[in-house]
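What follows is one structure encoded as structure tokens, with my remarks underneath.
The values are calculated or read from the model by the stated rules, or taken from the named source; none is laboratory data. The structure presented is a predicted model; accordingly, all values stated were derived computationally and were not measured. Cβ placement follows ideal geometry from the backbone for every residue including glycine, while neighbour counts extend to all protein chains displayed. Remember, those area values only see protein heavy atoms, side chains included, never the ligands or the DNA or RNA. Shrake-Rupley method; radii C 1.70, N 1.55, O 1.52, S 1.80 Å.
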Amino acid sequence: MNSVSIDIENVTVTYHSKVALHQAALQLKAGTICGLVGMNGAGKSTLFKAIMGFVKPVSGKILINGLTIRQAQKSNLVAYVPQSEEVDWNFPVSVYDVVMMGRYGYMNLLRVPRSCDKKAVRDSLERVEMWQMRDRPIGELSGGQKKRTFFARALAQQGTVLLLDEPFAGVDIKTEKMMITLLVELSQTERTILISTHDLASITTFCDQVVLINRSILAYGKTSEVFTEENLSRTFGGAVGDFSSAKRQVN
Amino acid sequence: MDLIQWFAAPLQHGFMIKAILVSALVGVVCSALSCYMTLKGWALMGDAVSHAVMPGVVIAYVLNIPLAVGAFVFGVGSVIAIGFIKSKTRIKEDTVIGLVFTGFFALGLVLVSKIKSSVDLTHILFGNILGISDADITQTVIISAITLVTLAILQKDLILFCFDSTHARSIGLNITFLYYVLLSLLSLAAVAGLQTVGIILVVAMLVTPGATAYLLSDRFDHMLLIAMASGVFSSVMGTYISYHIDGSTGGCIVVVQTLLFLAAMIFAPKHGLLVRSRNSQTVSESDANQ
């Protein structure tokens, strides 16, 4: 209970000798919903990539539930919900196929689904109300349905850490409400959820923790304590437009 | 019946039976692979690898080792070269690909011209399915078996690799391994295709059936079957047509493939031009009604 789920210790990441993330340190306890807030290029996706093991930090280390990234991958601990722009929506796969991909890590080499895999897929699709749509090609879905499909895949993966990249961009109110409800439910079962976004308004409604990031982690902790005028101004580099709109959203 | 005669006549010749069977087999293999090439957006890569195998083929001839081995080394080598140049210079990927494969191809041309006696350039460039040797048939069968078995075993992983490599990596799949598997199969298929249609046209075998099937299906398993069916049909019909018109076999096969693609492009039930224009008409009519 309340053990550290994501442990990031003084992580520095560089791309072509440019520092993308400097000395980032962050400990998230199991059962937290944490918003990751920063401008474009502030290092949000770099942090995600580091947690998923796609970029190797030049210094520092990251542990997931005390395991190295590699061990965490093999144990299917980290599930990722991509931004809609990252997905090839013309790919000939159905909703069911996509969600089943969340189970590959549990299957044998041929990826033949067992009954527990089918059950996990069905349960996940039912939770996001997409079971009826399971045979649809993904290209025929609405924005919200697309997002729910990939959310269902993350659910089917049954990881303990869930990373969501701009989950509410281009989705309908129904999907947003459903996802927030599900995220809160997941956090109650000791899942750790990290949400990258620049939609500050939604963050304050359901995230209990916030990380402010701008090339390094500026502040993190309880949403109410971290969302101060000074912190936001540092996060958004004092850009007046961004800052005042951010503040308005918080208020 | 003329039609029966049309189909039966070529079968009186042993070389035609061989040609039809081998080209059908190559059609299946290349078509299966073409689905992944189309979905991964690797057409240019297919073109590059199929051309880059040329020096490998020539060297293998000289050393008297299986062509597939030489092709494999140079096919994979070309991609490593592409990756290396791309990461070490500021040149864009498509430029690097164009540069590397023509370089390899040119090297192959030089090699062929210096050792004319053992290798016939036109056979490499345009294929020689009608004169295929038994050793080449054995090699094609082995390549086909390796490719089809590998694709069958790794199908799910390769689909995931093409569709969402981020997710594949995050659940611990070895992306580099899958990348090189696909690449190796591409090199092998290029050798198989080289026998039937030649190096110049082999990229058509590795792209067109997949593209045709992509327009006709929204499910991968259907796409695979349609691609293979269209590949076999084109290979067999192309070989027949080339017999009757006494024309280039490789050319006929690829022309049939291209015609199938054009038909799919126009008449495909969901993604065809006819349906699309009808749909947009319906939309504009309903707009007008509002």
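Here is a check on your reading of the model: is B:VAL141 away from chain A (no Cβ under 14 Å), in contact (Cβ under 8 Å) with a residue 24 or more places away in the chain, closer than 23 Å to B:LEU21 by Cβ and surrounded by 24 or more Cβ atoms within 10 Å (Cβ to Cβ)? Lay out the reasoning, then the answer.
On the way: away from chain A (no Cβ under 14 Å): yes; in contact (Cβ under 8 Å) with a residue 24 or more places away in the chain: yes; closer than 23 Å to B:LEU21 by Cβ: yes; surrounded by 24 or more Cβ atoms within 10 Å (Cβ to Cβ): no.
No.
What residue, of B:SER87, B:SER165, is modelled with pLDDT under 90, over 22 Å from the mean Cα position of the chain (by Cα) and within 14 Å of chain A (Cβ to nearest Cβ)? Even if it seems obvious, please write down each step before you answer.
Working: B:SER165 fails: modelled with pLDDT under 90.
Sole residue among the options that is modelled with pLDDT under 90, over 22 Å from the mean Cα position of the chain (by Cα) and within 14 Å of chain A (Cβ to nearest Cβ): B:SER87.
Against the condition within 14 Å of chain A (Cβ to nearest Cβ) and open to solvent by 30 Å² or more (accessible area, probe 1.4 Å), how does B:LEU259 come out, does it pass? Give the steps one after another, and end with the answer.
Values: within 14 Å of chain A (Cβ to nearest Cβ): no; open to solvent by 30 Å² or more (accessible area, probe 1.4 Å): yes.
The answer is no for B:LEU259.
Restricting attention to the range B:68-102, and to residues there that are open to solvent by less than 40 Å² (accessible area, probe 1.4 Å) and not aliphatic (A, V, I, L, M), which single residue is nearest to B:GLY56 (Cα to Cα)? Steps first, please.
To start, the set of residues in the range B:68-102 that are open to solvent by less than 40 Å² (accessible area, probe 1.4 Å) comprises B:68, B:70-71, B:75-79, B:81-83, B:96-98, B:100-101.
With the extra rule that they be not aliphatic (A, V, I, L, M), the set shrinks to B:70, B:75, B:77-78, B:83, B:98, B:101.
Values: B:GLY70: 4, B:GLY75: 8, B:GLY77: 10, B:SER78: 11, B:GLY83: 19, B:GLY98: 18, B:PHE101: 13 Å.
Out of the qualifying residues, it is B:GLY70.
With the condition being surrounded by fewer than 21 Cβ atoms within 10 Å (Cβ to Cβ) and of a type outside the set (S, T, N, Q), I'd like the strands (runs of 3 or more DSSP E) fully within the range A:129-242 carrying at least 2 qualifying residues. Steps first, please.
On the way: elements: A:161-165, A:192-197, A:209-213, A:217-222.
Result: A:217-222.
Kindly indicate whether any position in the range A:107-116 is part of a loop (DSSP other than H, G, I, E, B), open to solvent by less than 10 Å² (accessible area, probe 1.4 Å) and within 12 Å of chain B (Cβ to nearest Cβ). So that I can check it myself, show each step before the final result.
Step one: of the range A:107-116, the residues part of a loop (DSSP other than H, G, I, E, B) are A:107-114.
Narrowing the set further to residues that are open to solvent by less than 10 Å² (accessible area, probe 1.4 Å) leaves none.
Looking for residues that are part of a loop (DSSP other than H, G, I, E, B), open to solvent by less than 10 Å² (accessible area, probe 1.4 Å) and within 12 Å of chain B (Cβ to nearest Cβ), one finds none in the range A:107-116, hence no.
Quick check on my filter: what residues within the range B:13-44 are within 14 Å of chain A (Cβ to nearest Cβ) and of a type in the set (D, E, K, R)?
Of everything in the range B:13-44, just one residue is within 14 Å of chain A (Cβ to nearest Cβ) and of a type in the set (D, E, K, R), namely B:LYS40.
Here is a yes/no grid of residues against (1) touching a helix residue (DSSP H, G or I) at 6+ places or on another chain (Cβ under 6 Å); (2) closer than 26 Å to B:ILE143 by Cβ; (3) open to solvent by 10 Å² or more (accessible area, probe 1.4 Å):
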| residue | (1), (2), (3) |
| --- | --- |
| B:ALA211 | yes, yes, yes |
| B:LEU216 | yes, no, yes |
| B:MET223 | yes, yes, no |
| B:VAL236 | yes, yes, yes |
| B:GLY251 | no, yes, yes |
| B:LYS270 | no, no, yes |
| B:VAL275 | no, no, yes |
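With B:ILE200, B:ILE245, B:ILE241 as the choices, which residue is at pLDDT below 95, away from chain A (no Cβ under 14 Å), open to solvent by 40 Å² or more (accessible area, probe 1.4 Å) and within 28 Å of B:ILE137 (Cα to Cα)? Steps first, answer last, please.
Working: B:ILE245 fails: at pLDDT below 95; B:ILE241 fails: at pLDDT below 95.
Matching residue, one of B:ILE200, B:ILE245, B:ILE241: B:ILE200.
Here are the criteria: (1) of a type in the set (A, V, I, L, M); (2) open to solvent by 70 Å² or more (accessible area, probe 1.4 Å); (3) within 14 Å of chain A (Cβ to nearest Cβ). Tell me which single one B:ALA227 does not satisfy.
Exception for B:ALA227: condition (2).
Do we have any residue at all in the range A:44-64 that's in a strand (DSSP E or B) and within 14 Å of chain B (Cβ to nearest Cβ)? Spell out the reasoning first.
Keep residues of the range A:44-64 that are in a strand (DSSP E or B), which gives A:59-64.
Next, from what is left, pick out any that are within 14 Å of chain B (Cβ to nearest Cβ): A:62, A:64.
Yes, that holds for at least one residue.
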